[in-house]
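Beneath this line is the structure, given in structure tokens, with notes to follow.
The values are calculated or read from the model by the stated rules, or taken from the named source; none is laboratory data. What you see is a predicted model, and the numbers here were worked out from it, not measured in a lab. Don't worry about glycine lacking a Cβ; one is built from the backbone with ideal geometry, like all the others, and counts go over all protein chains shown. Accessible surface is based on the protein model in full, side chains and every heavy atom, while ligands, DNA and RNA are left aside. Shrake-Rupley method; radii C 1.70, N 1.55, O 1.52, S 1.80 Å.
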Amino acid sequence: MSRFIALIVAALTSGAGTSRNVHPEASTARDVRLIGRWDITITTPTGSAPSWLEIDSSGREALVGRIVGIVGSVRPISEIIVEGDSLRFAVPRQWEEGNGELRVVGRLQGDRLVGRMTFPDNTTLNWQGVRAPRLERPRAPVWRAPIRLLNQTNLNGWEPMGSTNQWLVSNGVLSSPRSGVNLRTSRTFGDFKLHIEFRYPKGSNSGVYLRGRHELQIEDDYGRDPDSHRFSGIYGFISPSEIAARPAGQWQTYDIALVGRMVTVIANGKMVICNQEIPGITGGALDSNEGEPGPLYLQGDHGPIEYRNIVITPAR
């Protein structure tokens, strides 16, 4: 009996030793140039789609991270397996079609990351990533004259993001009476201050995309606890300090300052985000070119919404 137990102990010890050595060997040989934030462009049959990846160290050897796919919010990566300059990982599906995982492989190629993403429906697409810019401004912004982005009668200065447009303007109110296409400004902006007023019916949902890449959530969340996916949060990244929403059916306001990556949000007169960093793009972004100016874009595919008094003050 004692010999039998000894054999079991030896087998278990041998197995445990093998298990311990699988991932550390790969991690020990990791290329530290992988660490950081990456703005990703995915090549699809209909054009380019944006994504974002952050890779960080955890302890002496492990790599962990976060990823934003084409849709949805940022997802944690519990373990990134690295062999030299190559990586692979998988995360659970979020809003994608299919029942599998989102699986990613990549490799350094010069100063870029290149690789393949296999989506939960088993579609595989190529992608490439570039280092995300820091977006640090050398000095405080000097503000230009405010610009009213909305007139009283029509959509001049705005572009529907689809062939069938449901947006209309009447008496200075921009409305999307039903779910349909999103809407963006023809002009693009770098750093800016923005005042915007909005109203939604009970249960509705919209969003304001800053530079077309970072969604500031609009949702019927009156009385709920703060969360990055709820009213006045930067979707998936930054939670407001409180939910300052009014009940559905009332006009509400956001006053926003975006300087580089740093954002401040005042919701209905209460500061709920104070000069916090937006790490990367959110799902639904127009592109991942974070270093470039971008439009203001309004979400119109999640329910009825109205906007008015949209005033932007660009920085020099």
For this session: Could you tell me what percent of the accessible area of the range 192-316 is made up of carbon and sulfur, with a 1.4 Å probe and every protein chain present?
Result: 44 percent
Problem set entry | Sum of side-chain charges, residue 307 neighbourhood, beta-carbon under 10 Å (Lys, Arg +1; Asp, Glu -1) | 0
Seminar exercise, completed: Listed residues 174, 210, 125; largest mean-square fluctuation, Gaussian network over the chain with Cα springs below 10 Å, found at 125
Problem set entry | Calculated from backbone phi, Karplus (6.51, -1.76, 1.60) coupling profile of the range 164-172 in Hz, x at Gly/Pro | 10, 9, 9, 6, 8, 10, 8, 6, x
Exercise. What net charge is computed for the residues neighbouring residue 77, neighbours being all others with C-beta under 15 Å from the C-beta of residue 77, Lys and Arg scored +1, Asp and Glu -1?
Worked result: +3
Seminar exercise, completed: Ranked by GNM mean-square fluctuation in the chain (Cα springs under 10 Å), the top entry among 252, 128, 152 is 152
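Give me D for the range 113-268 in µm² s⁻¹, whole number, from Stokes-Einstein with Rh from the Kirkwood sum over alpha-carbon pairs, 25 °C and 0.890 mPa s.
Reported coefficient: 137 µm²/s.
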Problem set entry | 3J(HN,Hα) from dihedral phi, the range 73-88, Karplus parametrisation 6.51/-1.76/1.60, rounded to Hz, x for glycine, proline | 10, 5, 10, x, 10, 6, 7, 10, 7, 10, 10, x, 9, 10, 9, 7
Exercise. Which value in nm describes the separation of the simple spin-label points at residue 101 and residue 276, placed 7 Å from the Cα toward the beta carbon?
Worked result: 2.9 nm
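Could you calculate the contour length gain from residue 222 to residue 116, that is, 0.36 nm times the residue separation minus the distance between their Cα atoms, to one decimal place in nm?
My answer for the length gained is 34.0 nm.
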For this session: Please turn the phi angles of the range 210-223 into ³J(HN,Hα) values with the Karplus equation 6.51 cos²θ - 1.76 cosθ + 1.60 (θ = phi - 60°), one per residue in order, whole Hz, x for glycine and proline.
Result: 7, 6, x, 10, 10, 7, 9, 6, 10, 7, 6, 10, 3, x
For this session: Could you pull out every residue, at least 5 positions away or on a different chain, whose amide H is within less than 5 Å of the one on residue 147? Hs are placed 1.01 Å off N in the peptide plane, and Pro or chain starts have none.
Result: 312, 313
Exercise. Given C-alpha coordinates of the range 41-192, what is the ratio Rg to Rh with the Kirkwood estimate of Rh?
Worked result: 1.07
Problem set entry | Kirkwood Rh and Cα Rg combined as Rg/Rh, the range 185-316 | 0.92
Problem set entry | Two-site FRET efficiency, residue 268 against residue 136, from Cβ-Cβ distance with R₀ of 30 Å, rounded to 0.05 | 0.45
For this session: Give the accessible surface of the chain per residue, rounded to a whole number of Å², with probe radius 1.4 Å and ligands, DNA and RNA excluded.
Result: 49 Å²
Problem set entry | Neighbourhood net charge (10 Å Cβ-Cβ; Lys/Arg +1, Asp/Glu -1) for residue 111 | +3
For this session: May I ask for the equivalent-ellipsoid semi-axes of the range 114-165, computed as the square root of five times each C-alpha gyration tensor eigenvalue and listed largest first in whole Å?
Result: 37, 27, 7
For this session: Can you run the Rg to Rh ratio on the chain? Use alpha carbon positions and the Kirkwood inverse-distance Rh.
Result: 1.07
Exercise. Out of 236, 300, 84, any idea which swings most in a Gaussian network model of the chain, alpha carbons joined below 10 Å?
Worked result: 84
